[in-house]
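Student: Pasting a structure here, questions to come.
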């Protein structure tokens, strides 16, 4: 099957990270996450609730509302996809997805897929592998009995078939679900002083700490022959007395939980290898966004190849469902894999021009084309400037990969401090990632191709010396490698920066301000630019510069 096949809508109606996508045959055309349209991160409105409260999800009552309420939210996302493709609902042959709500939207028309199977389908078909172990780990998925929810699933993918090889489930004891690595790391996040959905902060903080509480955690974790039993409720209660407020103590708590998580993930990765005999591992589920654990798996699990789906959290289930429809239900044949996760709609020139009417007074606006922007951006970054970059369709998933990015000079740690303090208004320990010419990457990092920023290889000594802004406290970096085929315009910008400085990479962080999702529309981009101290915006071939900050 090719792009001439039937239209398929995939959707994820989860308790967070709702999303939808549209395929034509086996080819993804467009995908969008609800947060990009509502401008609420993770599509969650916490209102006045304290996100540091372990019971905050219970207080939110996320299952409230009926199928029509949830359906309206999904229809908004579907409408975005259909409009981008220029089709209407009657053109869609298959609606397929998953819901973790008790009231299923679109029930009268949709095929419903198991939650973990949706994750597994995204990871397997999105990788292009033909024989692979598939590991799904998250907070929880569907009910597997009256009291238990799936927490870990291992599949064996061969051709277009996905066979369940192992599953672990858990039941809730008071607040916390047992046997869930995702819940374990939520406890880590709360115990480190952050709020729910702040797991990325915990991962960053862990690089500054020592795992001195690891044995306290492992006292409630039992490793068996083919499963890990995690008493999350006991861990939570034990850490009520162990939590500290100082930075060093918080970092030690984060480091301890990070080490525990890595042991659990590595255990299941090795089990997946034994159960399937495959040389390739595909990973999805929210736990697969832990880049440090992913790197541990890549280094120590015994697989030749490890692939992580770029939208590994519940947003990716929309694409997993569509992949399942295309390759299994419609027998679409071998998957080619997801080459480009930048699947948002492309905005017309007139929409960009309309947005540019709102730039701050005194800005210079020049239409110099994408390659002209690449040239000018390289010079501004080499001079120590910051550049907001908006190009074509937005990325699907949490990482900015060169379509909705903020680029900066990696040669000084002052860059990191400046971005964290002045642009992002966030904690100073938060790391920044590099986007690097793939042909040069091996000389700067212990890695090969890594296009989706989901692993943390060790930075080589020259990188620590010449590009310290992208090296984390633990000596690693969350690397994105880039070829000319991936993105010719940003690749050209990196080449020019390399020629100017001798360094083949720039800082690449997401184009958003504090507390906001990544920008989606030209209007979002111009507003964020106007509200920030960043002097330059490159937006679909337009070069915009605040005159008072030029030079």
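The values are calculated or read from the model by the stated rules, or taken from the named source; none is laboratory data. Note that this is a predicted model, so its numbers are computed, not measured. Note: ideal-geometry Cβ built from the backbone for every residue, glycine included; neighbour counts use all protein chains shown.
Student: What pairs come up if the first residue lies in segment 455-470 and is surrounded by fewer than 19 Cβ atoms within 10 Å (Cβ to Cβ), the second is part of a helix (DSSP H, G or I), and their beta carbons are under 8 Å apart, counting only those six or more places apart or on different chains?
Tutor: Within 8 Å, the pairs are 468/413.
Student: Within 20 Å of the chain's Cα centre (by Cα), on the phi < 0 side of the Ramachandran plot, in contact (Cβ under 8 Å) with a residue 24 or more places away in the chain and surrounded by 15 or more Cβ atoms within 10 Å (Cβ to Cβ): does that describe residue 71?
Tutor: Considered against the rule, which asks whether it is within 20 Å of the chain's Cα centre (by Cα), on the phi < 0 side of the Ramachandran plot, in contact (Cβ under 8 Å) with a residue 24 or more places away in the chain and surrounded by 15 or more Cβ atoms within 10 Å (Cβ to Cβ), residue 71 comes out as no.
Student: Considering only residues that are over 15 Å from residue 378 (Cβ atoms) and within 21 Å of the chain's Cα centre (by Cα), look in segment 407-422 and name the one that is surrounded by the fewest Cβ atoms within 10 Å (Cβ to Cβ).
Tutor: If we take residues in segment 407-422 being over 15 Å from residue 378 (Cβ atoms) and within 21 Å of the chain's Cα centre (by Cα), then 420 is surrounded by the fewest Cβ atoms within 10 Å (Cβ to Cβ).
Student: Based on what the data block shows, is residue 183 crowded, with 24+ Cβ neighbours inside 10 Å, in contact with a helix residue (DSSP H, G or I) (Cβ under 8 Å, 6 or more places away or on another chain), over 21 Å from residue 289 (Cα atoms) and at pLDDT 95 or above?
Tutor: No, not satisfied.
Student: Please enumerate the residues belonging to segment 86-108 that are more than 23 Å from the chain's Cα centre (by Cα), touching a residue at least 12 places away in the same chain (Cβ under 8 Å) and over 12 Å from residue 8 (Cα atoms).
Tutor: Result: 102, 103, 104, 105, 106, 107.
Student: Could you grab me the full set of residues in segment 471-484 that are in contact with a helix residue (DSSP H, G or I) (Cβ under 6 Å, 6 or more places away or on another chain), surrounded by 18 or more Cβ atoms within 10 Å (Cβ to Cβ), more than 17 Å from residue 293 (Cβ to Cβ) and touching a residue at least 40 places away in the same chain (Cβ under 8 Å)?
Tutor: Looking only at segment 471-484, we keep the residues that are in contact with a helix residue (DSSP H, G or I) (Cβ under 6 Å, 6 or more places away or on another chain), and these are 471, 477-478, 481-484.
Restricting the remaining residues to those that are surrounded by 18 or more Cβ atoms within 10 Å (Cβ to Cβ) gives 471, 477-478, 481-482.
Next, only the ones that are more than 17 Å from residue 293 (Cβ to Cβ) stay: 471, 481-482.
Listed by number, the residues that qualify are 481, 482.
Student: Collect the residues in segment 511-550 that are in a helix (DSSP H, G or I) and out of contact with any helix residue (DSSP H, G or I) (no Cβ under 6 Å at 6 or more places or on another chain), keeping them in residue-number order.
Tutor: The first filter runs over segment 511-550 and keeps only residues in a helix (DSSP H, G or I), leaving 522-530, 547-549.
Result: 524, 525, 527, 528, 529, 530, 547, 548, 549.
Student: Could you tell me whether segment 141-150 includes any residue that is under 23 Å from the mean Cα position of the chain (by Cα), modelled with pLDDT of 95 or more and in a strand (DSSP E or B)?
Tutor: Looking through segment 141-150, at least one residue is under 23 Å from the mean Cα position of the chain (by Cα), modelled with pLDDT of 95 or more and in a strand (DSSP E or B).
Student: Then there is this: Please state which of the following conditions residue 279 fails to meet, knowing it meets all the rest: (1) in the same structural domain as residue 125 (by TED's automatic domain parsing); (2) surrounded by 19 or more Cβ atoms within 10 Å (Cβ to Cβ).
Tutor: If we test residue 279 against (1) in the same structural domain as residue 125 (by TED's automatic domain parsing); (2) surrounded by 19 or more Cβ atoms within 10 Å (Cβ to Cβ), just (2) comes out false.
Student: Checking the structure you have, find out if any residue of segment 386-398 is more than 20 Å from the chain's Cα centre (by Cα) and not assigned by TED's automatic domain parsing to the domain that holds residue 36.
Tutor: yes
Student: Moving to a separate point now. Given the options 159, 207, name the one that is modelled with pLDDT of 95 or more and over 23 Å from residue 266 (Cα atoms). Show your work before the answer.
Tutor: Numbers: 207 fails: over 23 Å from residue 266 (Cα atoms).
Of 159, 207, the one residue that is modelled with pLDDT of 95 or more and over 23 Å from residue 266 (Cα atoms) is 159.
Student: Same structure, new question: Within segment 171-180, how many residues are part of a strand (DSSP E or B), touching a helix residue (DSSP H, G or I) at 6+ places or on another chain (Cβ under 8 Å) and surrounded by fewer than 19 Cβ atoms within 10 Å (Cβ to Cβ)?
Tutor: Number of matching residues: 1.
Student: Any residue in segment 520-541 that's touching a residue at least 60 places away in the same chain (Cβ under 8 Å): show its pairings with residues that are surrounded by fewer than 18 Cβ atoms within 10 Å (Cβ to Cβ) and assigned to a strand (DSSP E or B) at Cβ separation under 8 Å, as long as the two are six or more apart or on different chains.
Tutor: 541/367
Student: Residue check: is residue 168 under 20 Å from residue 150 (Cα atoms), at pLDDT below 95, assigned by TED's automatic domain parsing to the domain that holds residue 56 and not in a loop (DSSP other than H, G, I, E, B)?
Tutor: Spelling it out, it is not the case that residue 168 is under 20 Å from residue 150 (Cα atoms), at pLDDT below 95, assigned by TED's automatic domain parsing to the domain that holds residue 56 and not in a loop (DSSP other than H, G, I, E, B).
Student: Of these, 97, 71, 10, which one is within 23 Å of residue 311 (Cα to Cα) and part of a helix (DSSP H, G or I)?
Tutor: After applying the criteria, what remains is 71.
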